[in-house]
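The values are calculated or read from the model by the stated rules, or taken from the named source; none is laboratory data. Please read all numbers here as calculations on a predicted model, not as lab measurements. Here the Cβ is made from the backbone with ideal geometry for all residues, glycine too, and neighbour counts use every protein chain on show. All accessible areas refer to the heavy atoms of the entire protein, side chains included, with ligands and DNA or RNA removed. Shrake-Rupley method; radii C 1.70, N 1.55, O 1.52, S 1.80 Å.
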Amino acid sequence: MIRRILAAAAMGALVLASTGCGTKTDKESLPEVPLRVNLIENPSFEEWKDGNPVGWELKEFEGSGAKRNIYGRSGKEKKTGEFSYYLRGVYNVDRWMVLVQRQPVLPKYRLSLSGYMKSKDLKKTKGQETRANVYLIFYDKDGNRVNDRYYADAYTHFLGGTKDWKRYATRGVVPKNARYVEVGLIGQMTGYIYFDD
């Protein structure tokens, strides 16, 4: 098995890059996926359209009530550039939104994910989860989740309390039936979590 080693695409950027080993099958033609590059569109949240970062989608993650968490662009708290993205929970949130982006992937390749995060007064209150980080979820060609593991297939370290900007990273291997990966930004606690680069 030949291994392709990942060269850092952009040190410290919100990066999803693929490396590893994989082959096309006779039954299915796999998509062209570039290697050794950042697959994420608009990784530093500098481009915006209609109040949302270009390339990203806001979607419901959990809950069904009327009180959503707060989210958006921050020009004050940022690692680099003009903006960062933030998620904010309050004590009575009952519907959690996440910011996601889907990218095609190749089975059996490794994905490296990294980004900067900062927290402000993050704490778990009654009924909340301690999820505050970046995650990966794999989907098959029909859009069905490949694994049913916890809330994500891979994820960076959870944040809590008040912490300054720090780079967090994780890796994951693309399952054999996966054709897409969803990169998600999540914050299901009271307080702020910021994402950049």
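I'm trying to understand the selection: among the residues of the stretch 55-89, which are aliphatic (A, V, I, L, M) and either part of a strand (DSSP E or B) or under 17 Å from the mean Cα position of the chain (by Cα) (or both)?
Once the filter is applied, which keeps residues that are aliphatic (A, V, I, L, M) and either part of a strand (DSSP E or B) or under 17 Å from the mean Cα position of the chain (by Cα) (or both), the stretch 55-89 yields Leu58, Ile70, Leu87.
Just to be sure I understand, how many residues within the stretch 70-82 are touching a residue at least 60 places away in the same chain (Cβ under 8 Å) and under 10 Å from Tyr194 (Cβ atoms)?
Total meeting the criteria: 4.
Could you figure out which of (1) more than 13 Å from the chain's Cα centre (by Cα); (2) open to solvent by 30 Å² or more (accessible area, probe 1.4 Å) isn't true of Val33?
With respect to (1) more than 13 Å from the chain's Cα centre (by Cα); (2) open to solvent by 30 Å² or more (accessible area, probe 1.4 Å), Val33 is out only on (2).
Based on this model, can you work out whether Glu46 counts as open to solvent by 50 Å² or more (accessible area, probe 1.4 Å), assigned to a loop (DSSP other than H, G, I, E, B) and in contact with a Phe, Trp or Tyr (Cβ under 7 Å, 6 or more places away or on another chain)?
yes
Any residue in the stretch 100-117 that is free of Cβ contacts under 8 Å to residues at least 24 places away in the same chain, more than 18 Å from Gln188 (Cα to Cα) and surrounded by fewer than 17 Cβ atoms within 10 Å (Cβ to Cβ)?
Taking every residue of the stretch 100-117 in turn, none turns out to be free of Cβ contacts under 8 Å to residues at least 24 places away in the same chain, more than 18 Å from Gln188 (Cα to Cα) and surrounded by fewer than 17 Cβ atoms within 10 Å (Cβ to Cβ).
Name the pairs: first residue in the stretch 50-69 and of a type outside the set (A, V, I, L, M), second residue part of a loop (DSSP other than H, G, I, E, B) and open to solvent by 60 Å² or more (accessible area, probe 1.4 Å), Cβ to Cβ under 7 Å, at least 6 apart or on different chains?
Correct list of pairs: Pro53/Glu47; Gly55/Glu41; Gly63/Asp94; Gly65/Asp94; Lys67/Asn92; Lys67/Asp94.
May I ask you to say which residue of Tyr85, Tyr135 is surrounded by 20 or more Cβ atoms within 10 Å (Cβ to Cβ), of a type in the set (Phe, Trp, Tyr) and closer than 11 Å to Ile193 by Cβ?
So the residue among Tyr85, Tyr135 that is surrounded by 20 or more Cβ atoms within 10 Å (Cβ to Cβ), of a type in the set (Phe, Trp, Tyr) and closer than 11 Å to Ile193 by Cβ is Tyr85.
Asp121: among the acidic types (Asp, Glu), touching a residue at least 24 places away in the same chain (Cβ under 8 Å), at positive phi and open to solvent by 20 Å² or more (accessible area, probe 1.4 Å), yes or no?
yes
If we keep just the residues of the stretch 58-113 that are among the β-branched types (Val, Ile, Thr) and within 20 Å of Glu182 (Cα to Cα), which is modelled with the lowest pLDDT?
In this case the residue turns out to be Val105.
Conditions (1) under 23 Å from Ala132 (Cβ atoms); (2) aliphatic (A, V, I, L, M), marked per residue:
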residue	(1), (2)
Ser29	no, no
Val37	no, yes
Ile40	yes, yes
Ser44	yes, no
Asn52	yes, no
Glu62	yes, no
Thr80	yes, no
Tyr86	yes, no
Tyr91	yes, no
